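Asker: Structure provided below as structure tokens; questions to follow.
Read-outs: derived from the displayed coordinates by stated rules, not from any lab. On a predicted model such as this, the values are computed, not experimentally measured, just so you know. Reconstructed Cβ throughout: ideal geometry from the backbone, glycine too, with neighbour counts over all protein chains shown.
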Amino acid sequence: MATERFNGYVYALELERRYFYIGITTDIERRIEQHFTGDGARFTRSHKPIRVVEAFLTKDIYAETRLVMQYARMFGAHMVRGDEWCQTWDVVPHWNYDEELYYMRQSICYKH
């Protein structure tokens, strides 16, 4: 099975209240600026970015998904948005990890 390729960046932002947002872009400077000026994803408009945690160049289109999963394991799936898991929830019950990922996969993505 061939891996889909592209040239771009995957990045992680720490947001207010210890939320995290994971994104992917071909223009890292422009996209980070959009998040910090309120023109980024809906989730980063409602949860203001504090800092860039990490950013790296990749040719693997699935690197964003892997980083979302990594952060979800470290901080809880209810604290991480990105990739297919972008819905803003007001209240999220404390499910186990597999159930959290199931509900995240059912959500609507608000990225542009």
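Asker: On a full-extension model of 0.36 nm per residue, what is the gain between Thr37 and Ile50, subtracting their alpha-carbon distance, rounded to one decimal in nm? Write out the running numbers ahead of the final one.
Answerer: Numbers: separation 13, 0.36 × 13 = 4.68 nm, distance 1.16 nm.
The span from Thr37 to Ile50 would gain 3.5 nm if fully extended.
Asker: Here is a follow-up. For Arg17 and Gln70, what does the FRET efficiency come to when R0 = 30 Å and r is the distance between their Cβ atoms, rounded to the nearest 0.05? Please list the in-between numbers first.
Answerer: Values: r = 20 Å, r/R0 = 0.66.
Between Arg17 and Gln70 the formula returns 0.90.
Asker: Report the paramagnetic label zone for Tyr62: residues of the range 5-48 whose backbone N is under 14 Å from a point 7 Å from Cα along the Cα-to-Cβ axis.
Answerer: Of the residues in the range 5-48, 5-6 have backbone N under 14 Å from the label point off Tyr62.
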